[in-house]
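Below is one structure, written out as structure tokens, with a few remarks after it.
The values are calculated or read from the model by the stated rules, or taken from the named source; none is laboratory data. From a predicted model like this one, the values you see are computed outputs, not experimental measurements. Note: ideal-geometry Cβ built from the backbone for every residue, glycine included; neighbour counts use all protein chains shown.
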Amino acid sequence: MERESTNKKKITEGLSFRDYAIVSCGTLAPELNYLRKQGFLDVRRIIYTTPGRHEVLKELESQLIEKINLAKQHSKKIIVVYGGKFCYINVDDPYVTMDTMIREQEAGSTISRINATHCMDMLASESQRDKISEGRKTWWLTPGWIVYRDCVFQDWDKGKANENFPKHDGGAVLLDGIDFWERYSEEHPEKILEFSDWMGIEIRPHKITLDRLKNLLIDCIVSNLEKEIAELENSLPAHSAKPSMVQRLEQLEEELEKAKNETGKVNSS
């Protein structure tokens, strides 16, 4: 896939994340920091939890709540960059999910979660991953899984690695949307070799764009705007609505149109 433009000027003219704060798993820090540097993600603050907490649920729970409360100090609009299906699995209480935890923190704020199952799904959809793997069982990696390997695989020994990795006959594929592999393999070739040896499978990069991640972030804005518009419309009196309310509604509808148009721009870039 062709790399997206690295032009550092602001990519989005009509869309802005300036009213938002983001709470994210630290595993996605390389991609989110890249989008911020490129001017796409002009958020007030990005706050990261420790990478790899999906295997340490109590830490994930406490850190997520702590970081959301910290984000509230910067904005009433928060986007949580965590997957829903695989990033938090509570076998002791299946009714407690990533989304129920987030909803419990919503008082006084608007909190939306990116619509993806895990970090790999934020970078490449299931159908895209199927195409990349050509139907072979593949262990997916993002740059964060390599950079923060000690956190992600915190309690893994060689025995656990041997139980999990070798059955992936498609090896390990790094979804690289930030030109990470070339730079990292030149600077730290021994780390790549050691990681591959520990896994017992080959690691190979696959270049992608960050279009899917961009669109998922934009979708959060679209969803929030649609909700705000619906609530405002329901509150409008049947007759003689205040000019300020009508003006606010028109402003929100204009912002929604810009957000939807931005999705089209990303898809056609």
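Can you find a residue in segment 175-191 that is surrounded by 14 or more Cβ atoms within 10 Å (Cβ to Cβ), closer than 16 Å to R129 by Cβ and hydrophobic (A, V, I, L, M, F, W, C)? The answer is yes; a qualifying residue exists.
Return the residue satisfying two criteria in turn: it lies in segment 1-30 and is out of contact with any Asp or Glu (no Cβ under 8 Å at 6 or more places or on another chain) and among the charged types (D, E, K, R), and of such residues it is modelled with the lowest pLDDT. Talk me through it step by step, then tell me what you get.
Initial filter on segment 1-30 (out of contact with any Asp or Glu (no Cβ under 8 Å at 6 or more places or on another chain)): 1-2, 5-9, 11, 13, 19-30.
So of that shortlist, the ones also among the charged types (D, E, K, R) come out as 2, 8-9, 13, 19.
Working: E2: 36, K8: 33, K9: 38, E13: 53, D19: 94.
Checked segment 1-30; the qualifying residue modelled with the lowest pLDDT is K8.
Scanning segment 151-201 for residues that are part of a helix (DSSP H, G or I) and touching a Pro at 6+ places or on another chain (Cβ under 9 Å) turns up C151, V152, F180, W181, E182, Y184, S185, M199. With respect to the conditions (1) of a type in the set (A, V, I, L, M); (2) in contact with a Gly (Cβ under 6 Å, 6 or more places away or on another chain); (3) closer than 21 Å to Y34 by Cβ, L216 lacks only one, and its number is (2).
Inside segment 52-79, can you point out the residues that are small (G, A, S) and surrounded by 15 or more Cβ atoms within 10 Å (Cβ to Cβ)? Before you say what the answer is, go through the steps one by one.
Here is the first cut: in segment 52-79, the residues small (G, A, S) are 52, 62, 71, 75.
G52, A71, S75, listed by residue number.
Suppose we filter S244, S223 for residues that are touching a residue at least 40 places away in the same chain (Cβ under 8 Å), among the hydroxyl-bearing types (S, T, Y) and out of contact with any Gly (no Cβ under 7 Å at 6 or more places or on another chain); which single one remains? Quick ask: steps written out before the conclusion?
Working: S244 fails: touching a residue at least 40 places away in the same chain (Cβ under 8 Å).
Testing whether each residue is touching a residue at least 40 places away in the same chain (Cβ under 8 Å), among the hydroxyl-bearing types (S, T, Y) and out of contact with any Gly (no Cβ under 7 Å at 6 or more places or on another chain) leaves just S223.
The set of residues from segment 41-53 being in contact with a Phe, Trp or Tyr (Cβ under 8 Å, 6 or more places away or on another chain) and touching a residue at least 40 places away in the same chain (Cβ under 8 Å) comprises L41, P51, G52.
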